[in-house]
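The structure appears right after this line, and notes come after that.
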Amino acid sequence: RKDISLRGLRIMITAGPTREALDPVRYISNHSSGKMGYSIAQAASLRGALVTLISGPVNLPKPEGVEMISVVSALEMYQAVHQKIEEQDIFIGTAAVADYRMQEVNAQKIKKKKEQVTLALTLVQNPDIIHSVAQLKKRPYVVGFAAETQEVAKYAQDKLKRKDLDMICANDVSDVEIGFNSDNNQLLILTKGGIEVTLKDSKIELAHTLLTMIKNELKLSQ
Ligand code: C5P
């Protein structure tokens, strides 16, 4: 249902991985490609939505017509989101945000010492961006993503409740045909209202179907 207009809807999307610096030359990150978030941003923009894409470091061209804010770390992503969240109708968190960052980033490159065969790093928890959005008094419609490697439905349902989301889209990243760097994806979509559907398609087609579902849910809640 690509023909259903999203004109005037303000949608914020987070995408890609975050990078957490260890020192000036090293970081911790993950394999998120950003493709799902960028596909949603592109699809939404083509259908008339006003899209703000907050992206970690990825190798993808900026989708046409969207306002893009590039960030590196989870804390930067958190700040970028909260700067404009009050204006949004919909928030879609596709970013694979690092759960932890260095308690203190080393100012200088960490040196290898021959006699030191183990190295302990102390990490602290990053804020949960989507949960912080879901807790706002004036909150947008909140859609989360979950990459799981087992018991997808159970963990997705848990996350929907725990993070107080309106909708969650979960995929099985242990399947090489779908998930992280793939162009295709299989999503299990659950809503707070109890809708449960499985969709399998290219990321761009999934993006369109998902946006239409969100628009319908928004209409129902108004
Ligand atoms: O808990 P988990 O990381 O699996 O949850 C995934 C969902 O939560 C995604 O929508 C992701 O963008 C969001 N998230 C977030 N901030 C974090 C961790 C996850 O917004 N620190």
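Laboratory data are not the source of any read-out in this text; all were calculated from the coordinates shown. Being a predicted model, the structure only gives us computed values, none of them experimental. So basically every Cβ, Gly included, is an ideal-geometry build from the backbone, and we count neighbours across all protein chains shown.
Within straight-line reach of LYS159, meaning a Cα separation under 20 Å, sit the following aspartates and glutamates at least 8 residues removed in sequence or on another chain: ASP99, ASP128, GLU148, GLU151, ASP172, GLU196, GLU217. When only the Cβ of Lys, Arg, Asp and Glu is charged (+1, +1, -1, -1), the dipole of segment 61-146 relative to its Cα centre reaches about 520 debye. Looking only at the chain, where both bridge partners belong to it, what percent of the DSSP beta bridges are antiparallel (to the nearest 5)? Here the antiparallel bridges make up roughly 40 percent for the chain. Which entries of LYS2/LYS203; LYS84/LYS137; LYS62/LYS137; LYS62/LYS138; LYS84/LYS154 have Cα-Cα distances beyond 25 Å here? The answer is LYS62/LYS137; LYS62/LYS138; LYS84/LYS154.
The largest-to-smallest principal axis extents of the Cα set in segment 98-183 are 51, 38, 23 Å. Helical content of the chain, expressed as a calculated mean residue ellipticity at 222 nm, amounts to -8000 deg cm²/dmol (DSSP H runs of 4 or more residues, -39,500 (n - 2.57) each, divided by residue number, nearest 500).
The alpha carbons of segment 24-137 give a radius of gyration and a Dmax of 17.2, 60 Å, in that order.
Counting only DSSP beta bridges whose two residues both lie in segment 14-121, roughly 25 percent are antiparallel.
For segment 122-135, backbone phi angles converted through the Karplus equation (6.51, -1.76, 1.60; θ = phi - 60°) give residue-by-residue couplings of 9, 10, 10, 5, 7, x, 8, 5, 5, 5, 5, 5, 5, 8 Hz, Gly and Pro being listed as x. Taking other residues whose beta carbon is less than 14 angstrom from the beta carbon of ALA74, and scoring Lys, Arg as +1 and Asp, Glu as -1, yields -2. DSSP finds beta bridges in segment 117-209, and of those with both partners inside it, around 65 percent are antiparallel.
Run the reach check for LYS215 against aspartates and glutamates, Cα to Cα strictly under 13 Å, same-chain hits fewer than 8 apart removed. What comes back? Result set, ordered by chain and number: ASP3, ASP89, ASP166.
Report the FRET efficiency, 1/(1 + (r/R0)^6), for ASP164 and VAL105, where r is their Cβ-Cβ distance and R0 is 30 Å, rounded to 0.05.
Details: r = 31 Å, r/R0 = 1.04.
Computed FRET efficiency for ASP164 and VAL105 comes out at 0.45.
The value given for segment 26-82 is a Kirkwood hydrodynamic radius of 12.1 Å, derived from the mean inverse Cα-Cα separation. Backbone geometry of segment 25-30 corresponds, through the Karplus equation with coefficients 6.51, -1.76 and 1.60 at θ = phi - 60°, to 3J(HN,Hα) couplings of 10, 10, 8, 9, 8, 8 Hz, x marking Gly and Pro.
Work out, in µm²/s and without decimals, the Stokes-Einstein translational diffusion coefficient of segment 76-139 at 10 °C, 1.306 mPa s, Rh from Kirkwood over C-alpha pairs. Intermediate results must be reported in sequence, preceding the final value.
Numbers: Rh = 14.7 Å.
Rounded to a whole number, D works out at 108 µm²/s.
The alpha carbons of the chain give a radius of gyration and a Dmax of 18.0, 65 Å, in that order.
As a length-normalised measure over Cα pairs under 8 Å and 6 or more apart, the relative contact order of segment 9-96 settles at 43 percent.
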